[in-house]
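Just dropping this structure here.
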Amino acid sequence: MKTLAVYLMCGPETPALAGAAVAGGADLVELGFPFSDPLADGPVIRRAAERALAQGMRTAACLECLAATRSALPETPLVPMTYSSLLEAHGWDRFSAEARDAGATSLIVADLPAGARPELRRVQLVAPTSTDERLELAARDSDGWLYLVTLTGTTGARADLSPALAGLVERARARTDLPLYAGFGISTPEHARAAAELADGVVVGSRAVEVAEEGPASLTRYVASLRAAVDGA
């Protein structure tokens with residue numbers, strides 16, 4: 001079965017929203033730790049990060065949010081996603097240990113290239129622009145699965161699935177047996193089905209964050225539509 005991952009920004013309502021996503025069929029939840037200058041993120045997640053920071057969601061609060069989400073979802077993989085400056089400020093080893101203690105399954109650091117900080121267990125990201133050497137390094141060091149960024153640019157919904165994904169999947173499969181999850185620019189059931197036909201899993205972020213603003217019931221319905229599409233791939 002293909003994996004469906006959903007991204008949510010940390011906030012007071014996130015444990016309930018994560019439960020709603022899982023009720024709709026999400027297999028994994030990424031938890032965004034907000035950062036003031038999120039280079040990889042488009043306008044939707046940028047705005048969500050600004051709201052979260054305004055709500056006081058600094059690192060300690062986000063770790064509490066992670067722990068609360070883990071309590072609500074004892075079996076679901078939970079993966080914090082953030083930026084290296086946040087870990088630098090908090091302390092690399094301290095953050096890794098505290099995230100693990102709070103229930104993190106792994107970690108994504110969006111702007112930390114493969115090969116940097118090899119002691120930090122994390123899911124690596126590769127893009128269509130990644131060289132073969134970079135792809136091999138990322139695949140060797142990645143924790144559990146490899147995150148395929150389907151396009152060059154920031155997160156956010158797009159009209160069509162990136163045509164670059166097929167080539168990236170082919171290159172990655174030639175270099176690793178790790179599961180390949182595709183993300184960035186996937187927002188509709190049609191996108192999710194097309195991506196799942198190529199990759200082992202699909203990550204949906206910006207549109208999930210938008211729908212989450214409408215409440216848990218809306219999020220469950222949206223994720224269920226993605227689940228049906230992914231299962232039909």
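Quick note: the coordinates plus some simple rules give every number you see, no bench work behind them. Source: prediction; values computed, not measured. Neighbour counts are summed over all protein chains in view; Cβ atoms, including those assigned to glycine, are modelled from backbone coordinates with ideal geometry.
Being surrounded by fewer than 16 Cβ atoms within 10 Å (Cβ to Cβ) and not small (Gly, Ala, Ser) is true for just one of 216, 179, 189, 128. Which residue is that?
Unique residue meeting the criteria: 179.
Can you give me the number of residues within region 163-193 that are closer than 20 Å to residue 227 by Cβ and β-branched (Val, Ile, Thr)?
Of the residues in that region, 2 qualify.
Which of the residues belonging to region 99-117 are more than 18 Å from the chain's Cα centre (by Cα) and buried (at least 18 other Cβ atoms within 10 Å of the Cβ)?
The answer is none; no residue qualifies.
Do we find that residue 68 is more than 23 Å from residue 126 (Cα to Cα) and either surrounded by fewer than 21 Cβ atoms within 10 Å (Cβ to Cβ) or touching an Asp or Glu at 6+ places or on another chain (Cβ under 8 Å) (or both) in this structure?
yes
For residue 99, all conditions in the list (1) in contact (Cβ under 8 Å) with a residue 40 or more places away in the chain; (2) farther than 27 Å from residue 187 by Cβ hold save one; what is the number of the exception?
(1)
May I ask you to verify whether residue 222 is over 20 Å from residue 145 (Cβ atoms) and in contact with a strand residue (DSSP E or B) (Cβ under 9 Å, 6 or more places away or on another chain)?
Spelling it out, residue 222 is indeed over 20 Å from residue 145 (Cβ atoms) and in contact with a strand residue (DSSP E or B) (Cβ under 9 Å, 6 or more places away or on another chain).
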